[in-house]
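Structure record follows, encoded as structure tokens.
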Amino acid sequence: MRPPPTEDLTPWFLTLDDLGGSLDWAEFFDNSQPVELDIGCGRGLFLVNSALAHPETNYCGIEIDYREGRRTARRLKKRAMANARVLGGDANLALEKLIAPNSVSAVHVYFPDPWWKRKHRRRRIFTDVFLDLVTNVLVEGGELHSWSDVGEYFQTIRSLVDHHGAFQELALPDLTVPQHDMDYLTSYERKGRRKGSDIHRGRWRFAPG
Ligand SMILES: C[S@@+](CC[C@H](N)C(=O)[O-])C[C@H]1O[C@@H](n2cnc3c(N)ncnc32)[C@H](O)[C@@H]1O
């Protein structure tokens, strides 16, 4: 039996390999709007809702799990969204090799995988190296946002950002009571809140020197 045809999701889903080593945002989105990254975008709730709410901003999800990334891209294609895309691949690679310095106005990392087992902790995305890559792509005054329902991981994120020295923490409004099933920032926020977990939130401004 032949495998089912794979739906063409171009330009909503492209892999890092498809881009062939360079990424020009103006060409990628066919406009010169500011770009925000959603690292580990998963099912894309943040990506879709933010892109609909802010047509003046471009959103690029980066998702290592192609299945998940393609599922999100299908939502973007269905709505013919011009200001949202998903890149399939490792965010570290994209930050290091593809994304131009000073070209991104915000980086969002919501509910990064906690890698519970101690021996797997070094797989966590937040490290000093990751923060260096983030500061390299952010414009001055750009923002880093990260939420987690894992208190211990969030404390690690907070101390890495504090010690990095190039970020100023910004205040956040109170969490609101969700009005419906989609009224969450991300699917993992919904999952965490339904379990009764605390949601830890951080927002920082990139302010070098
Ligand atoms: C726990 S899920 C959270 C998904 C989404 N941000 C949310 O809050 O619902 C973490 C996501 O990060 C993705 N991920 C993990 N490491 C990654 C990496 N190095 N580059 C891109 N995506 C990554 C995983 O595949 C997964 O979809």
Among VAL150, VAL139, which is farther than 14 Å from TYR110 by Cβ and in contact with a Ser or Thr (Cβ under 9 Å, 6 or more places away or on another chain)? VAL139
Can you tell me which condition ASP38 does not meet? The list is (1) out of contact with any Phe, Trp or Tyr (no Cβ under 7 Å at 6 or more places or on another chain); (2) within 15 Å of the ligand (Cβ to nearest atom); (3) within 23 Å of ARG205 (Cβ to Cβ); (4) outside any helix (DSSP H, G or I), and all the others hold. (1)
Close pairs from region 153-168: first touching a residue at least 24 places away in the same chain (Cβ under 8 Å) and assigned to a strand (DSSP E or B), partner among the aliphatic types (A, V, I, L, M) and surrounded by 17 or more Cβ atoms within 10 Å (Cβ to Cβ), Cβ under 6 Å, at least 6 apart: PHE167/VAL161
Write out, first by first residue and then by second, each pair whose Cβ atoms fall under 9 Å of each other, whose residues are 6+ apart or on separate chains, and whose first residue, in region 90-118, is on the phi > 0 side of the Ramachandran plot while the second is aliphatic (A, V, I, L, M). ASN102/VAL137; ASN102/LEU138; ASN102/VAL139; PHE111/VAL150
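In a loop (DSSP other than H, G, I, E, B) and within 16 Å of GLU143 (Cα to Cα), is that true of PRO101?
Details: in a loop (DSSP other than H, G, I, E, B): yes; within 16 Å of GLU143 (Cα to Cα): yes.
It is true that PRO101 is in a loop (DSSP other than H, G, I, E, B) and within 16 Å of GLU143 (Cα to Cα).
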Residue check: is SER197 touching a helix residue (DSSP H, G or I) at 6+ places or on another chain (Cβ under 6 Å), within 13 Å of the ligand (Cβ to nearest atom) and either without any contact (Cβ under 8 Å) to a residue 60 or more places away in the chain or not in a loop (DSSP other than H, G, I, E, B) (or both)? no
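Between ASP162, ASP128, which is touching a Leu at 6+ places or on another chain (Cβ under 7 Å) and more than 18 Å from GLY40 (Cβ to Cβ)? Before the answer, list the steps.
On the way: ASP162 fails: touching a Leu at 6+ places or on another chain (Cβ under 7 Å).
Of the residues listed, the single one that is touching a Leu at 6+ places or on another chain (Cβ under 7 Å) and more than 18 Å from GLY40 (Cβ to Cβ) is ASP128.
The numbers here are math on the coordinates, done by the rules we state, and not lab data. Bear in mind the structure is a predicted one, so any value in this text is a computation, not a measurement. Cβ atoms come from the backbone with ideal geometry, glycine included; neighbour counts cover every protein chain shown.
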